[in-house]
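The values are calculated or read from the model by the stated rules, or taken from the named source; none is laboratory data. From a predicted model like this one, the values you see are computed outputs, not experimental measurements. Ideal geometry is used to build each Cβ from the backbone, glycine not excepted, and the neighbour counts take in all protein chains shown.
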Amino acid sequence: MSRGLAVVGVGGLGAPAAAALAAAGTSRLTLVDHDVVEDSNLPRQPLYGTGDVGRPKAVVAAERLRRAHPGLSVDAVVARVDAGSARDVLAGHDAILDGTDGLDAKVLLNETALALGTPLVHAGAIGFEGQLVSILPRESACLRCLFVELPDADEMPTCQQAGVLGPVVGAIGLAAAREALAIGSGRRPPLADRLAIFSGRTLGWRTIELRRHPRCPACA
Ligand SMILES: [Zn+2]
């Protein structure tokens, strides 16, 4: 039986991803987000409306998805995933989908997925570009295989600082759901060992072949 899929961050990436996972017939979802819905979220976060402003995203998203898909079991976790809580919150899932914003959270999810041995769909978007890769712990390249040296936090602005194009996060979120569905059904995801990059300027995808780094600080 499926242990379900966890979506961490139910914003621009995670909201369309969660909607796609639910629509595809996923039986169990865990939605994790500490944030509340803000007016500025509404143009690119399809599960929320003006009446939801100020309410926790995880709770609102869970309500919407339960209403639309009565057979779906959804847990809402209103918490920030941090080093102390990540393993407890995310244990027991078939896959984790990273819908967070910011490098620190993404590095933590990578470490957590490796520690749990749970596949992770890493997704990120900034400005006109988004990227996506699936990480099969100790089998395919992890996030730190790409970034053996972590860039300075100020070299890697968050979406909140740099802005992001709604259709770009939407495209990345839906593609991330496709990866998580493959993992959830026991298939190898198309983007293991392949980083997909989407350009909102050309509306084109390109992929870069990856390989595990022999001196990866996280998975070697
Ligand atoms: Zn690695």
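Scanning segment 117-143 for residues that are touching a Pro at 6+ places or on another chain (Cβ under 8 Å) and farther than 25 Å from GLY166 by Cβ gives GLY117, THR118, PRO119, ILE135, LEU136, PRO137.
Does ALA115 meet the test of being at pLDDT 95 or above, farther than 28 Å from GLU129 by Cβ and surrounded by 14 or more Cβ atoms within 10 Å (Cβ to Cβ)? Here the answer is yes, as ALA115 does meet what is asked. When residues in segment 191-204 are screened for being in contact with a Ser or Thr (Cβ under 8 Å, 6 or more places away or on another chain) and either of a type in the set (D, E, K, R) or farther than 19 Å from GLY117 by Cα (or both), 5 of them pass. ALA83 meets each of the listed conditions (1) more than 20 Å from ALA113 (Cα to Cα); (2) in contact (Cβ under 8 Å) with a residue 12 or more places away in the chain apart from (1). Restricting segment 102-151 to residues that are in a loop (DSSP other than H, G, I, E, B) and of a type in the set (Asp, Glu), which is farthest from the ligand (Cβ to nearest atom)? Out of the qualifying residues, it is GLU149. Just to check your reading of the model, which residue among LEU5, LEU47 is modelled with pLDDT of 95 or more and surrounded by 15 or more Cβ atoms within 10 Å (Cβ to Cβ)? The match here is LEU5.
Being hydroxyl-bearing (Ser, Thr, Tyr) and assigned to a helix (DSSP H, G or I) is the filter here; which residues of segment 1-59 pass it? SER40, THR50, listed by residue number.
Of all residues in segment 191-211, those satisfying the criterion of being surrounded by fewer than 17 Cβ atoms within 10 Å (Cβ to Cβ) and either in contact with a His (Cβ under 8 Å, 6 or more places away or on another chain) or in contact (Cβ under 8 Å) with a residue 40 or more places away in the chain (or both) are ARG194, ILE197, SER199, ARG201, ARG211. Does VAL74 count as assigned to a strand (DSSP E or B), of a type outside the set (Asp, Glu) and within 18 Å of the chain's Cα centre (by Cα)? So VAL74 passes the test. When segment 20-39 is filtered for residues that are surrounded by fewer than 23 Cβ atoms within 10 Å (Cβ to Cβ) and free of Cβ contacts under 8 Å to residues at least 60 places away in the same chain, the ones remaining, listed by number, are ALA23, GLY25, SER27, ARG28, HIS34, ASP35, VAL36, GLU38, ASP39. Within segment 190-220, track down each residue that is over 13 Å from SER134 (Cα atoms) and outside any strand (DSSP E or B). The answer is GLY200, ARG201, THR202, LEU203, HIS213, PRO214, ARG215, CYS216, PRO217, ALA218, CYS219, ALA220.
Taken over segment 79-104, residues that are within 26 Å of GLY200 (Cα to Cα), at pLDDT 95 or above and not β-branched (Val, Ile, Thr) amount to 3.
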